[in-house]
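Trainee: Sharing a structure with you now.
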Amino acid sequence: MSDFRHERFPVGALYGAAGLIGITLALVFGMRFGIVERSETAPQHRVAAKVKVITERHFRFADRADGALVVTDAATDAVAMTLEPGSNSGFIRGTMRGLMRERMLHEVDRNGPVKITQWADGALTLTDPSTGRVIELGSFGGTNRAAYAALLAAPVTSAAKVPASSAGKAV
């Protein structure tokens, strides 16, 4: 075995690590206090570019006793879509679970609607008015974006309420 007791750690590596940590902290605090300008987010860019809304709908999501996810149009209380258990709806279920968890943390109503918006620049966003959270759905790939696009394209019908025996809790 080699004897390393008399070897010293390279001082240059310590100075380099300290410098890297210092630069990182300076950038973080600079952004926090407005010294370093933050990059523009997609919603900020749309406001600045005055991108128009093409379609916008509000939906409520609730679990049914049999495990289905029932999506109702908040304006008409009509069922827009039912995602049966085992269907390929994992992305919608996952994003709704995340939003409901955030609502729980903010201590706001879990039954409030969420807004899906199609923008003129092709973007599709999911907004939770209760918490202010905006999710850019295009960031998750075309297949996942299409799941919400199909929901947005669901026909608007008059109220066809979910029977009370099958209605469940909010997701």
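Trainee: Within the stretch 1-48, restricting attention to residues that are part of a loop (DSSP other than H, G, I, E, B) and among the small types (Gly, Ala, Ser), which residue is farthest from the chain's Cα centre (by Cα)? Don't jump to the end; show me each part of the working.
Mentor: Let us first name the residues in the stretch 1-48 that are part of a loop (DSSP other than H, G, I, E, B), namely 1-10, 33-41.
Keeping just the survivors that are among the small types (Gly, Ala, Ser) gives 2, 34, 39.
Numbers: Ser2: 54, Gly34: 26, Ser39: 19 Å.
Restricting to residues being part of a loop (DSSP other than H, G, I, E, B) and among the small types (Gly, Ala, Ser), the top hit is Ser2.
Trainee: Next up: Kindly check whether there is at least one residue in the stretch 102-114 that is out of contact with any Lys or Arg (no Cβ under 6 Å at 6 or more places or on another chain), assigned to a strand (DSSP E or B) and within 17 Å of Ala42 (Cβ to Cβ).
Mentor: no
Trainee: Another question, then. Of all residues in the stretch 89-113 being in contact with a helix residue (DSSP H, G or I) (Cβ under 8 Å, 6 or more places away or on another chain) and under 18 Å from Arg64 (Cβ atoms), which is modelled with the highest pLDDT?
Mentor: My answer is Ile92.
Trainee: Filter the stretch 100-121 down to the residues that are of a type outside the set (Lys, Arg), under 22 Å from Ala80 (Cβ atoms) and without any contact (Cβ under 8 Å) to a residue 40 or more places away in the chain and list them by number.
Mentor: Asp109
Trainee: Any chance you could count how many residues in the stretch 81-91 are part of a helix (DSSP H, G or I) and surrounded by 15 or more Cβ atoms within 10 Å (Cβ to Cβ)? Don't jump to the end; show me each part of the working.
Mentor: Keep residues of the stretch 81-91 that are part of a helix (DSSP H, G or I), which gives 90-91.
Applying the additional criterion that residues be surrounded by 15 or more Cβ atoms within 10 Å (Cβ to Cβ) yields 91.
Matching residues across the stretch 81-91 total 1.
Trainee: With the condition kept exactly as written, say whether any residue in the stretch 92-107 is of a type in the set (Ser, Thr, Tyr) and over 13 Å from the mean Cα position of the chain (by Cα). Spell out how you get there, then give the answer.
Mentor: Start the filter on the stretch 92-107 by keeping residues that are of a type in the set (Ser, Thr, Tyr), which leaves 95.
Now restrict to residues that are over 13 Å from the mean Cα position of the chain (by Cα): none.
No, every residue in the stretch 92-107 fails to be of a type in the set (Ser, Thr, Tyr) and over 13 Å from the mean Cα position of the chain (by Cα).
Trainee: Would you point out which residue out of Gly94, Gly67, Gly98 is out of contact with any Phe, Trp or Tyr (no Cβ under 8 Å at 6 or more places or on another chain) and part of a loop (DSSP other than H, G, I, E, B)? Talk me through it step by step, then tell me what you get.
Mentor: Numbers: Gly94 fails: part of a loop (DSSP other than H, G, I, E, B); Gly98 fails: part of a loop (DSSP other than H, G, I, E, B).
None of the others qualify; the one that does is Gly67.
The values are calculated or read from the model by the stated rules, or taken from the named source; none is laboratory data. Computed from a predicted model, the values in this text were never measured in an experiment. Every residue, glycine as well, gets a Cβ built from its backbone with ideal geometry; the counts of neighbours run over all protein chains shown.
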